[in-house]
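A.B. asks: Attaching a single structure in structure tokens format; questions to follow.
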Amino acid sequence: MSTAQIPSLDSAAMAHLQQWMGRGEELTDDITAAPLRGLSATLDRDDPTPEHGTPVPPLGHWLYFLPQAPQSQIGPDGHPKRGGFLPPVPLPRRMWAGGRLVWAPGNPLRVGDAARKVSRIESVTHKTGRSGEMIFVLVRHEVHNAHGLCLSEEHDIVYRAAAQPGGQAPAPRPAEAQAAWRRQIVPDDVLLFRYSALTFNGHRIHYDRRYVTEVEGYPGLIVHGPLIATLLTDLVRRHEPHAVMRRFEFRALRPAFDLNPFFVSGQPSPDGRQVKLWAHDHEGWLTMQAEAELALVL
């Protein structure tokens, strides 16, 4: 494992990174059926073939507007090289920390749409925790079709220092023992590969065991945070197939690895309009917390 030290992020370095605040990006994409068929297979669902006009399921928009940097522009971690739209944070470990999504009523993103995603960097902040220095980047996205706004999203990205010998990890939190809904997930190499392929995600922590253990210092391949979030929304779909998701928010608390099964769980409110969701590992430690707000369709 590399033990190279990252220089402390002083006020001058932070001022440079904060120059990216307000920076925007606009991407377009055609909402086709093939990625949704791949997602259904990856989630082990028996969905009908998506047709023109089929609504994109919650978090399915993550299969579109994908960054496609040339191979020569890929960094050592498998991500595009730092800079460009996102700030060039000089910390080696990058993770999706959480997000908040709101769907516009009456205008879902659908197969056949010519869609547009408008993104803006809202903030770049510095924190120091038990595991060292961290940079949080908040990005706001809005997805539109020909009829207007389909959904808005706040996306939290965290950059961390490299793992150091003797470093302290945050204390784990136990998951709730009781849940109305629960599903066991076996995160094998194939599942992680398929989701990486669907999202054109070259980040080596999800498929390169030597890199993730020797360079980034983790014990195994890391399950994608967006995949766990998608499995949580899929749990809702399995138990409330006719409900429409209006809001969803999630926060990653602890990495999940391919070394053992993990679980996704849910507990709906008495009226069924709110669902508390979480994921936990084989030892019972929380890996993700989430909440969903539903519109129930009778």
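A.B. asks: As an exercise, use a Förster radius of 35 Å and the Cβ-Cβ distance of Thr32 and Arg173 to find the FRET efficiency, rounded to the nearest 0.05.
C.D. replies: So, using R0 = 35 Å, E works out to roughly 0.30.
A.B. asks: Which value, in debye to the nearest 20, describes the size of the charge dipole of the chain about its Cα centre when Lys and Arg Cβ atoms bear +1, Asp and Glu Cβ atoms bear -1, and nothing else is charged?
C.D. replies: Its charge dipole is roughly 380 debye.
A.B. asks: Tilt of helix 225-239 relative to the longest C-alpha principal axis of the chain, in degrees (0 to 90, nearest 10)?
C.D. replies: Once rounded, one gets 20 degrees.
A.B. asks: Using the Cα centre of region 19-80 as the reference point, and only Cβ charges (+1 on K/R, -1 on D/E), how large is the resulting charge dipole? Debye, rounded to the nearest 20.
C.D. replies: 140
A.B. asks: Within the P(r) computed for region 156-279, what percentage of the Cα pairs occupies the region above 25 Å?
C.D. replies: Tail of the P(r) past 25 Å holds 31 percent of the pairs.
A.B. asks: Using +1 at the C-beta of Lys and Arg and -1 at the C-beta of Asp and Glu, which of Gly99, Tyr207, Ala162 has the Cα lying farthest in the positive direction of the dipole of region 91-247?
C.D. replies: Gly99
A.B. asks: Note down the magnitude of the dipole of region 38-169 about its Cα centre, charges +1 on Lys and Arg C-beta and -1 on Asp and Glu C-beta and zero elsewhere, to the nearest 20 debye.
C.D. replies: I would put it at about 580 debye.
A.B. asks: If you average the sequence gap of Cα pairs under 8 Å that are 6 or more apart and divide by the length of the chain, what percent do you get for the contact order?
C.D. replies: Reported relative contact order: 19 percent.
A.B. asks: Let me ask another. Out of [x] 19.2, 58; [y] 23.8, 68; [z] 24.0, 74, which label holds the value of Rg and Dmax of the Cα atoms in Å that was computed here?
C.D. replies: Entry [x].
A.B. asks: Any idea of Arg45's accessible area? Nearest 10 Å², probe 1.4 Å.
C.D. replies: Probe radius 1.4 Å; accessible area of Arg45 about 60 Å².
A.B. asks: Take the alpha carbon atoms of region 279-298, find their center, do the same for region 184-199, and report the distance between the two centers in whole angstrom.
C.D. replies: 19
The values are calculated or read from the model by the stated rules, or taken from the named source; none is laboratory data. These figures come from a predicted structure and were not determined experimentally. Please note: Cβ atoms are built from the backbone with ideal geometry, for glycine as well, and neighbour counts cover all protein chains shown. The accessibility values were calculated without ligands, DNA or RNA, using every heavy atom of the protein model including side chains. Shrake-Rupley method; radii C 1.70, N 1.55, O 1.52, S 1.80 Å.
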